[in-house]
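Step one of this worksheet: look at the structure below.
The values are calculated or read from the model by the stated rules, or taken from the named source; none is laboratory data. These numbers were taken from a predicted model, which means no experiment stands behind them. With ideal geometry, Cβ positions are generated from the backbone for all residues, glycine too; neighbour counts draw on all protein chains shown. Calculation scope for accessible area: heavy atoms of the full protein, side chains included, ligands and nucleic acids excluded. Shrake-Rupley method; radii C 1.70, N 1.55, O 1.52, S 1.80 Å.
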Amino acid sequence: SFDASTVTFTLLELIHKEGASTQSLFLAMAALGLVYLALTNETVWAGHLSPPAKKLTSSGNEDGFGAQSPQYGARLDESGKPFRRQLESRAFIALAVWGLFTIYRTMLVLGSITEQMLYNADGRDASHAERLVRVFNFLILISVALTPSFGRFIDTHGIAAGLALVNALGVLTFGLLVARPDWSLYVAFLAFGCFRAWNYSLMTAYSMGVFGGASFGKVYGIGVGTVSCFAAAAQYPTMAIVLGGSNPNFEGLDWAMLGVGVVMFGFPAFVHFRTVEGKKGGASDAANAA
């Protein structure tokens, strides 16, 4: 589903080649948006999705929604706190910073892939660059087939390992986008497809597991949705700066994004240590209670 946009725009391109105007395509997309809005409201889905379990306080009263036990240990459990305190927590700030820089890198590749193929690695002719972009659009879909294996990896090794793997794929992407051989670009495209799709899955799982069902929508909307707006807004000045020079290419920016990716390993490290500390504390409390 994360890569449905690639399929959709490929279909729109084929329809356009058959004679449909650009205006009619935009009107069709607007109509599809209204259909989506109608099909995803609470009234339509009422009764089809089970609400999350109520979380009981120590007094036995219901206290909103949340997990029955901390999914990632007590040190990463913010579900029992008021919403404002959740936003002030280190767990939320870490999510917002991670979201900002991973989504910025995602949008940068999607928005500049044509220009990167044209100008990087001493430049390519237009036909070569166009062929590489078409290969890019195909290869990023491979992540759909690989996602079940990634899910098993998370079940076995935990969310921190998943975050580290996803971040490594992002670092690999930007390291290979500056290369000349086509085969290295194909590897970059595959890595990017997995980085892009799996990152959103992990942010969703993290938001639900750490903050609970009652706050999930608000936390995800602010911690991921709002920072996505900032990441998107930064794309125009980025493109203007890179392409405005006498010798436009993205190699310097790609190397900078690789460096940002190395710094972002701090988030999976944060999640790992908080999870380990929380589970050790929970095991100690259980032993003392026994």
Taking the condition of being open to solvent by 60 Å² or more (accessible area, probe 1.4 Å), modelled with pLDDT of 90 or more and not aromatic (Phe, Trp, Tyr), how many residues in the stretch 238-285 meet it? 3
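Residues of the stretch 111-126 being in a helix (DSSP H, G or I) and either polar (S, T, N, Q) or under 23 Å from Ile222 (Cβ atoms) (or both), which ones? Walk me through how you get there before you give the answer.
Narrowing the stretch 111-126 to residues in a helix (DSSP H, G or I): 111-119, 126.
If the condition is that a residue be in a helix (DSSP H, G or I) and either polar (S, T, N, Q) or under 23 Å from Ile222 (Cβ atoms) (or both), then Ser112, Thr114, Gln116 are the ones that fit.
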Does the stretch 149-172 contain at least one residue that is modelled with pLDDT under 90, in a helix (DSSP H, G or I) and within 23 Å of Met257 (Cα to Cα)? no
The stretch 169-190, subset of a type in the set (Gly, Ala, Ser) and closer than 13 Å to Arg105 by Cα, residue farthest from the chain's Cα centre (by Cα): Gly175
Here the qualifying pairs (Cβ atoms under 6 Å; residues six or more apart or on different chains; first in the stretch 163-175 and closer than 22 Å to Ala121 by Cα; second open to solvent by 10 Å² or more (accessible area, probe 1.4 Å) and among the aliphatic types (A, V, I, L, M)) come out as Val171/Leu258; Phe174/Met257; Phe174/Leu258; Gly175/Leu258
Inside the stretch 37-59, can you point out the residues that are surrounded by 10 or more Cβ atoms within 10 Å (Cβ to Cβ) and either modelled with pLDDT of 60 or more or charged (D, E, K, R) (or both)? Ala38, Lys54, Lys55
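When you go through Lys81, Lys17 one by one, which is the residue that is at pLDDT below 90, surrounded by 10 or more Cβ atoms within 10 Å (Cβ to Cβ) and either of a type in the set (Lys, Arg) or closer than 26 Å to Gly212 by Cα (or both)? I'd like the intermediate steps shown before the answer.
Numbers: Lys17 fails: surrounded by 10 or more Cβ atoms within 10 Å (Cβ to Cβ).
Being at pLDDT below 90, surrounded by 10 or more Cβ atoms within 10 Å (Cβ to Cβ) and either of a type in the set (Lys, Arg) or closer than 26 Å to Gly212 by Cα (or both) holds for just one of Lys81, Lys17, which is Lys81.
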Please state which of the following conditions Glu88 fails to meet, knowing it meets all the rest: (1) at pLDDT 90 or above; (2) of a type in the set (D, E, K, R); (3) within 21 Å of Asp182 (Cβ to Cβ). (3)
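So which residues in the stretch 129-156 are polar (S, T, N, Q) and farther than 12 Å from Phe195 by Cα? Break it down stepwise before answering.
Residues of the stretch 129-156 that are polar (S, T, N, Q), as a first pass: 137, 143, 147, 149, 156.
Listed by number, the residues that qualify are Asn137, Ser149, Thr156.
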Is one or more of the residues making up the stretch 149-159 in contact with a Pro (Cβ under 6 Å, 6 or more places away or on another chain) and either among the hydrophobic types (A, V, I, L, M, F, W, C) or in contact (Cβ under 8 Å) with a residue 60 or more places away in the chain (or both)? no
Selection within the stretch 154-204 - surrounded by fewer than 21 Cβ atoms within 10 Å (Cβ to Cβ) and among the charged types (D, E, K, R): Asp155, Arg180, Asp182
